[in-house]
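Please treat every number below as a calculation from the coordinates, not as lab data. Since the structure is predicted, the reported quantities are computational estimates derived from the model, not experimental observations. We place every Cβ from the backbone using ideal geometry, glycine too, and count neighbours over all the protein chains shown.
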Amino acid sequence: MLRFIHAADLHFDRSFEGLKGLCEEAVRLLPERNRQMLDNLVAAAIAKEVDFVLLAGDTFHQAKPSLKAQGALMEALRRLEQAEIPVFMSFGNHDYYKAERYWFAFPENVRLFTKASVTSYDGVTSQGEGYRISGFSYETPHLEQGLVSAFPVRNGETYALGMYHGDPAAAVYAPFSLAEMKAKGYDYWALGHIHVPTVLSETPPILYPGTPQGHSRKETAGGFVEYVELTPGHCRHEAVPVAAVFWRELTVSAAHSDRKKLLAELAEQLLALGNEQALLVAVKLAHSQLDAQTTAAVKNGELQQYLNQLLWQDSEIQIASLELLDDTEAERGERPQLSAARTAQHLAVYQDQQIFGELLEELYRHPIAGELLQEHPAYQQDVLAAANDRLAADFALEEDEK
Ligand SMILES: [Mn+2]
């Protein structure tokens, strides 16, 4: 059996984005979170006694990683070396490879893919099973040609693996198709680039583990690496959490809250998220009929800052953002006006199936989204209904003259 960890898109030196209103101590810890994630990844590899670790591109966020960031990564790689765990590392569009940028020689256990052409490494597990890992790296921020066809055919090895940093639907990120990957007959394709964990195929496994540390609200789904066990013709894989801080979303109903109740309710619901992990929570207040002073305290950050101080005393939970889901009555009166007839007129254009299809061409051509859309024929009508609702919420609709 072959056991390995597949990680990608660490963006290890990326800072956390869009955070305001955190308490001082939480802010001070943020740069350390990336380092903790790396520690967690190394610890998982050692605990699971894996045969190797795959890093499938964008380990660094910067093409010119700082000395400090490089030092921290090398230290983690050396700990894997001490545990006799090889690492196969390719470079993506963010950390595209230039040999002269590195302050350190990579440790001996690290096998690098440094060329924008496919190369392979052969290895043997401690149990004597042979494997071949093929991959490539970016040497520039873009790679306009797909490289699947250049991956070697199987050569009698027990396990054949491909490492591929790319996006099936983006012309500048080594576009590929599932069909051509499947046709190679490999046991596993370790993808990188998409930050949301995404399984494109199970037979064989072709998947993105996602970023192991989300750095913004858009990366709520991240936080994992994939632990994989391969036996000939069979694969078991599971997402293992390694993030040092996880993102969450929380909607709190403020329908019946007066100001005094609101404070207690928010603190209670946030603490109920649990005390085991550090959390960054995007909070939305729904159905709020809050008075002007409370609304102001939400909007100017006063409420968020106070709650974050309070939360930090008992947890590592912080509110990353606090927003009102609905407008207050007062604001509703100020919204621009749009007639219902005009709304219908705008939306009528998109009732045309061809126009709608052309606008969303990329989505319809995406290997996963395209399949899902085929199972959901009412998608166009649902989108138009949602757009209509949205317009009604954002604009004050005038009665039309009849
Ligand atoms: Mn990338």
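Brief remarks follow.
- Cβ-to-Cβ counts within 10 Å put TRP247, TRP103, TRP312, TRP189 in ascending order as TRP103, TRP312, TRP247, TRP189, the fewest first.
- Taking amide H as placed 1.01 Å from N in the peptide plane, the amide H of GLY57 sits under 5 Å from that of ASP9, SER90, each at least 5 places away or on another chain.
- Applying a length cut-off of 30 Å (Cα extent along the axis) and a mean Kyte-Doolittle floor of -1.0 to the DSSP H helices of the chain leaves 24-47.
- Length-normalised contact order for the chain - Cα pairs under 8 Å, 6+ apart - percent: 15
- Qualifying trypsin sites (Lys or Arg not before Pro) in segment 14-51, DSSP loop, other Cβ atoms within 10 Å at most 16: LYS20, LYS48
- When each of ASP13, ASP187, ASP39, ASP95 is scored by the number of other beta-carbon atoms lying within 10 Å, the sequence from fewest to most is ASP39, ASP13, ASP187, ASP95.
- Cα centre as origin, Lys/Arg/Asp/Glu Cβ charges: segment 83-158 dipole, Debye: 140
- Cα-projected label distance for ALA43 with ASP352, points at 7 Å along beta-carbon direction, nm: 5.9
- Stokes-Einstein D (µm²/s) once Rh is taken as the Kirkwood radius of segment 25-87 over alpha-carbon pairs, at 37 °C in 0.692 mPa s: 258
- Shown here are the Rg and Dmax of the Cα trace of segment 80-224, at 15.5, 45 Å.
- Two-decimal log10 I(q)/I(0) for segment 235-302, as the Debye equation yields it once each C-alpha is a single scatterer, q = 0.15, 0.19, 0.28 Å⁻¹: -0.59, -0.82, -1.32
- Relative contact order for segment 1-111, counting Cα pairs under 8 Å that sit 6 or more residues apart, in percent: 33
- Value of D in µm² per second that Stokes-Einstein yields for segment 31-164, Kirkwood Rh from Cα pairs, at 20 °C (1.002 mPa s): 137
- A straight chain from THR114 to GLN289 at 0.36 nm per residue would run longer than the Cα-Cα distance by 57.2 nm.
- Relative exposure of SER339, SER134, judged by other C-beta atoms within 10 Å (fewest first): SER339, SER134
- Applying both filters, DSSP loop and at most 13 other Cβ atoms within 10 Å, to the GluC sites (Glu not before Pro) of segment 118-178 gives GLU144.
- GluC sites (Glu not before Pro) within segment 214-299, DSSP loop, no more than 14 other Cβ atoms inside 10 Å: GLU276
- Take the Cβ atoms of THR220 and VAL153, set R0 to 35 Å, and the FRET efficiency comes out at 0.30.
- Of ILE194, GLN127, LEU30, farthest towards positive along the dipole that unit charges on Lys, Arg, Asp, Glu beta carbons give the chain: GLN127
- Simple label model, 7 Å out from Cα along Cβ direction - SER253 to ALA392, nm: 2.1
- The label point for LYS260 and the one for SER339, both projected 7 Å from the Cα toward the Cβ, are 5.0 nm apart.
- Percent of Cα pairs exceeding the 26 Å cut-off, where the set is the chain: 62
- Debye, to nearest 20: dipole size of segment 136-282, +1 on Lys, Arg Cβ, -1 on Asp, Glu Cβ: 320
- Of the cross-linked pairs LYS20/LYS64; LYS64/LYS284; LYS218/LYS260, those separated by over 29 Å at the C-alpha level are LYS64/LYS284; LYS218/LYS260.
- Calculated FRET efficiency, TYR306 to GLU375, Cβ-Cβ distance, R0 = 60 Å: about 0.80 to the nearest 0.05.
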